[in-house]
Amino acid sequence: MIIGASRLIYSSCEWGPDEVRAFAAAWFSLCDRLEHFSLATNPIGPSGVAAFCENIGPGTLPRLKFLNFFNNQVGDDGLRCIAELLRRTPPHLPMLKTIRITGKNDTTPDGKHALEEACRSRGIKIEG
């Protein structure tokens, strides 16, 4: 059951950007108790991260604490999308504490730096 779940784990589902976009558009507004969301080991790439971020507005996933982008080939553009999301006002994902970006994510120090700056201002830990 998705509605009312505190953990949703969609690891190794072969999801790409289209699946992330469809899932986020259909379900995120109904997931007000979600604390842990994982897309680990899916080939979502930067476009999948953008699809995730596009579906986060004020009040969306208000209890989310952990976001897992392990092994998603997010690239620097994906990290910058997350950073931009975290800089929005009012704060989006206000309870977020940890973002995991370990694994094969094709990132450089520049992309990580952009995310680190946004996370530092919100007290969010980066694993990766």
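The values are calculated or read from the model by the stated rules, or taken from the named source; none is laboratory data. None of these values were measured; they are calculated from a predicted model. Here Cβ is always computed from backbone atoms with ideal geometry, including for glycine, and neighbour counts include all displayed protein chains. When the accessible area is computed, the model is the full protein with side chains, heavy atoms only, and any ligands, DNA or RNA have been set aside. Shrake-Rupley method; radii C 1.70, N 1.55, O 1.52, S 1.80 Å.
Does Ser6 qualify as being under 19 Å from Asn71 (Cβ atoms) and among the hydroxyl-bearing types (Ser, Thr, Tyr)? When the stated conditions are applied, Ser6 does not pass them.
For segment 61-82, a residue qualifies if it is among the charged types (D, E, K, R) and in a loop (DSSP other than H, G, I, E, B), and the qualifying residues are Arg63, Lys65.
Filtered by the rule that a residue be part of a loop (DSSP other than H, G, I, E, B) and surrounded by 18 or more Cβ atoms within 10 Å (Cβ to Cβ), segment 11-34 gives Trp15, Cys31, Leu34.
If you go through segment 83-92 and pick out every residue that is of a type outside the set (Lys, Arg), assigned to a helix (DSSP H, G or I) and open to solvent by 10 Å² or more (accessible area, probe 1.4 Å), you end up with 1. Any idea which residue in segment 29-67 is nearest to Gly78 (Cα to Cα), counting only those that are out of contact with any Leu (no Cβ under 6 Å at 6 or more places or on another chain) and among the aromatic types (Phe, Trp, Tyr)? Checking each candidate, the answer is Phe52. In the set Thr102, Thr108, Thr98, only one residue is within 16 Å of Pro46 (Cβ to Cβ), of a type in the set (Ser, Thr, Tyr) and modelled with pLDDT of 95 or more; that residue is Thr108. Counting only residues that are under 14 Å from Leu64 (Cα atoms), open to solvent by less than 10 Å² (accessible area, probe 1.4 Å) and touching a Ser or Thr at 6+ places or on another chain (Cβ under 9 Å), segment 93-128 holds 1 of them.
Of the residues that make up segment 35-45, is at least one farther than 17 Å from Ile99 by Cβ and part of a loop (DSSP other than H, G, I, E, B)? The answer is yes; a qualifying residue exists.
Among the criteria (1) part of a helix (DSSP H, G or I); (2) exposed (fewer than 14 other Cβ atoms within 10 Å of the Cβ), the one Pro58 does not fulfil is (1). Total residues in segment 7-53 satisfying the condition of being under 19 Å from Leu85 (Cα atoms) and among the basic types (Lys, Arg): the figure is 1.
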